[in-house]
Amino acid sequence: MQQLPLDIEIKAESTFGNFVAGGEANSQLVSILQQTAQGQSDFIYVYGEPGTGRTHLLQAFTHNFSEAFPQKLVAYLPLDNQQLVPTMVDGLAGFDAVCLDGIEHCLGDKEWETAFFNLYNQLKEQGKTFLIAANQSPQNLEFTLADLKSRLSAMLIHAIQPLSDDDKRRFLQTKAKERGLELSEDVATYLLSRQQRDLPHLIELLEQLDHASLQAKRRLTIPFVKQVLEL
């Protein structure tokens, strides 16, 4: 896998296998991305609220594509990285698959938008694969270049659906079990009712509780969780 010379981390645990899809719509999106990673050239735009797994899915695609085609080049670029400049996009047309994560961070800047527009056209002409993730659909974002908005709106667009409370509860209990912890339904429900509810934050909470449980040699009960998290 060729990567750009930046401090960009692609997490090993970001795989399709451990993505919590929840409903049918998210499961279909995962299936489409898996097929694309196996060589089905496509232009796909995914969007969703923070914490719904946009970055996870793009990184999972990057892993799968690299494993399926070790001789090909795949690029993953998180656009919230302050080190990036628009000219870095110019060289991406030489890659076989390109993933741009968080395009909303660069919109409103004509130089950035021109670079994205040119990249889109180049990848399209060469029959390559292009994935974009954002917090909103193209129709709801503000563009300087109307032509870029038109191009992105023509991609295969998928909204990532937020998980239900039941899905999040099962997710917490599964992750706890993987750590050797017993997380009762009552405690999981308690965490969901009193904390941020996005998955990255819930994982951080679980790590904190795991460490505290080992130190205190106590089970995860509601009183103990309250004590640890100072609720």
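Structure data summary
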| item | result |
| --- | --- |
| Within region 146-160, backbone nitrogen closer than 17 Å to the virtual label 7 Å beyond the Cα of SER41 toward Cβ | 155-156 |
| Along each principal axis, Cα extent of region 128-223, largest first, Å | 60, 28, 20 |
| Using θ = phi - 60° and Karplus 6.51 cos²θ - 1.76 cosθ + 1.60, couplings along region 107-119 (whole Hz; Gly, Pro as x) | 6, x, 10, 4, 5, 5, 5, 5, 5, 5, 4, 5, 4 |
| Length-normalised contact order for region 57-116 - Cα pairs under 8 Å, 6+ apart - percent | 36 percent |
| Among LEU58, LEU33, LEU145: highest mean-square fluctuation, GNM of the chain, C-alpha pairs under 10 Å | LEU145 |
| Stretch gain in nm, segment GLN208-ALA68, where the contour uses 0.36 nm per residue and the Cα spacing is subtracted | 46.8 nm |
| Cβ-defined net charge surrounding THR114, 14 Å radius [Lys, Arg +1; Asp, Glu -1] | -2 |
| With every protein chain in place, the chain: carbon and sulfur % of accessible area (1.4 Å) | 45 percent |
| Amide H within-cut-off set for ILE157, under 5 Å, with H built and near neighbours excluded | TYR45 |
| Gyration tensor over alpha-carbon atoms, region 15-141, equivalent ellipsoid semi-axes in Å | 22, 19, 12 |
| Angle in degrees between helix 54-68 and the longest Cα principal axis of the chain, rounded to the nearest 10 | 70 degrees |
| The chain: relative contact order as a whole-number percent, Cα under 8 Å and 6+ apart | 22 percent |
| Angle in degrees between helix 185-194 and the longest Cα principal axis of the chain, rounded to the nearest 10 | 60 degrees |
| In degrees, nearest ten, helix 165-178 long axis to first principal axis of the chain (Cα) | 70 degrees |
| Whole-Hz couplings from phi, Karplus 6.51/-1.76/1.60, listed for region 86-94; x for Gly and Pro | x, 5, 5, 6, 4, x, 6, 5, x |
| Within region 55-145, percent of DSSP bridges classed antiparallel, to nearest 5 | 0 percent |
| Per residue, in Å², the accessible surface of region 1-119 once ligands and nucleic acids are set aside, probe 1.4 Å | 45 Å² |
| Residue-normalised accessible area of region 180-231, expressed per residue, 1.4 Å probe, Å² | 63 Å² |
| Amide H contacts under 5 Å for VAL98, placed H, 5+ residues apart | ALA75, THR129, PHE130, LEU131 |
| Potential extension, ASP186-ASP80 segment - 0.36 nm per residue separation minus Cα distance | 34.4 nm |
| Mean ellipticity per residue at 222 nm, deg cm²/dmol - from DSSP H runs of n ≥ 4 across the chain, formula -39500 (n - 2.57) | -14000 deg cm²/dmol |
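The values are calculated or read from the model by the stated rules, or taken from the named source; none is laboratory data. Quantities reported herein were computed from a predicted structural model and do not represent experimental measurements. Using ideal geometry, Cβ is built from the backbone for each residue, glycine included, and neighbour counts are taken over all protein chains shown. Only protein heavy atoms, including side chains, enter the accessible area calculation; ligands, DNA and RNA are left aside. Shrake-Rupley method; radii C 1.70, N 1.55, O 1.52, S 1.80 Å.
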